[in-house]
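*Asks:* Take this structure first; my questions come after.
Readers should treat all values here as calculations from the given coordinates under stated rules, not as data from a laboratory. Since this is a predicted model, take the numbers as computed values, not measurements. Glycine also receives a Cβ, built like all others from the backbone with ideal geometry; neighbour counts cover every protein chain displayed.
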Amino acid sequence: MDDPTRANQESPPPEYFDGFDDVPFHRYLGLRLAERRPDHARLRLTIGDETPTGIGGSVNGGVIATMIDMAVIPAVFTGIREGTQPAGTADLQVTYLRQAHGAWIEAEATVIKRGRQLCVVEVSVTNDSGTLCARGRVLYALRAI
């Protein structure tokens, strides 16, 4: 199906991310889009009383995995090719290096390879003092439209 009108409807326009911070799940977590440019995105999670915690009061590992997965979306979508549309996360790997403590943590995603069907994205999660807390690698699937 080579309808360019459909491709434009399927690929998010730049203003798609204007409401990113207002998504109820993002607000619950305290997550916001801090930076977005081609093949790159940075999310910041402000740690508060409602932030799910893990051992020693650190940010819960599931929250960190969610941040990694969510940071990939704006990084991939900023360079999505016409004629393709997002198909979702195909694989998510997380390596927890140390507990995440501080006033906030950030997940910085960089697309390292953009293929026809998969994007490979690396994500680093750091705390407010710049300490690396986790690393992620995500394969994000694309499909032709």
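*Asks:* Among Ile112, Ile47, Ile145, which comes first, then next, by fewest other beta-carbon atoms within 10 Å?
*Replies:* Ranked by crowding around the Cβ, least crowded first: Ile112, Ile145, Ile47.
*Asks:* Could you work out how far the C-alpha centroid of the stretch 85-109 sits from that of the stretch 23-46, in angstrom?
*Replies:* 11 Å
*Asks:* Quick one: angle between helix 61-77 and the longest Cα principal axis of the chain, in degrees between 0 and 90, rounded to 10, please.
*Replies:* With rounding to tens, the tilt is 30 degrees.
*Asks:* Counting only trypsin sites (Lys or Arg not before Pro) that are in a DSSP loop and have at most 15 other C-beta atoms within 10 Å, tell me the longest site-free stretch of the chain.
*Replies:* 1-80
*Asks:* Name the most mobile residue of Ala107, Ala75, Ala90, meaning the one with the largest mean-square fluctuation, in a Gaussian network model of the chain with Cα contacts below 10 Å.
*Replies:* Ala90
*Asks:* In addition: With +1 on the Cβ of every Lys and Arg and -1 on the Cβ of every Asp and Glu, and nothing else charged, how large is the dipole of the chain about its Cα centre, in debye rounded to the nearest 20?
*Replies:* Value, rounded to 20: 460 debye.
*Asks:* Okay, moving on. Give, as ranges by residue number, the residues of the stretch 77-118 whose backbone N falls under 16 Å from the point 7 Å along Cα→Cβ of Ile55.
*Replies:* The answer is 95-101.
*Asks:* Between Thr131 and Arg98, what is the label-point separation in nm under the 7 Å Cα-to-beta-carbon projection?
*Replies:* Using points 7 Å along Cα→Cβ, the separation is 0.4 nm.
*Asks:* Starting from the Cα coordinates of the chain, work out the convex hull volume and express it per residue in Å³.
*Replies:* Per-residue hull volume (Cα only) is 97 Å³.
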